[in-house]
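Reviewing the structure listed below.
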């Protein structure tokens, strides 16, 4: 159990394809929860449809204090917290805010689970995400900026115009 008196963000692992249901259940019991969703075009043989899908599958973020710890765990569809050294690992508020900003911009975001080599530190110098730092890497033949979220096994790859980024000082 954690000693948290002020609300902090944590990542919880959900059953596959249960993220939206878990979000509804947590919200219904008064837990602040965040499920990063991205619009994607689905193609079937007879039609196309735009749907909202989780950016990071099977993950949901919750902002809780100590008394809410087990409320989250006892919510149907939640499997466990993402842990570090046996304890639920807090995620800095700033990283959740960066994730929200990225999604508001409708940028091409790709969550990858593979271990990416550290890249050159860069800073976003234009747009509403000005001041956010990341790492410039090449992935699948394109230059992208990695935004890492502490203790989550995925990295977010963001495609930005090259004039938006500069070497971090």
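The values are calculated or read from the model by the stated rules, or taken from the named source; none is laboratory data. Here the structure is a predicted model, which is why all the values come from computation and not from measurement. Cβ placement follows ideal geometry from the backbone for every residue including glycine, while neighbour counts extend to all protein chains displayed.
Assorted remarks:
- Test: residue in the stretch 133-147 that is surrounded by 15 or more Cβ atoms within 10 Å (Cβ to Cβ), under 18 Å from the mean Cα position of the chain (by Cα), in contact (Cβ under 8 Å) with a residue 40 or more places away in the chain and in a strand (DSSP E or B): yes
- Annotation: residue 157 fulfils all but one of (1) more than 30 Å from residue 28 (Cβ to Cβ); (2) not in a strand (DSSP E or B); the unmet one is (2).
- Every listed requirement among (1) assigned by TED's automatic domain parsing to the domain that holds residue 13; (2) touching a strand residue (DSSP E or B) at 6+ places or on another chain (Cβ under 9 Å) is met by residue 110 save one, (1).
- Answer from 72, 50 - the residue that is more than 18 Å from residue 154 (Cα to Cα) and touching a residue at least 24 places away in the same chain (Cβ under 8 Å): 72
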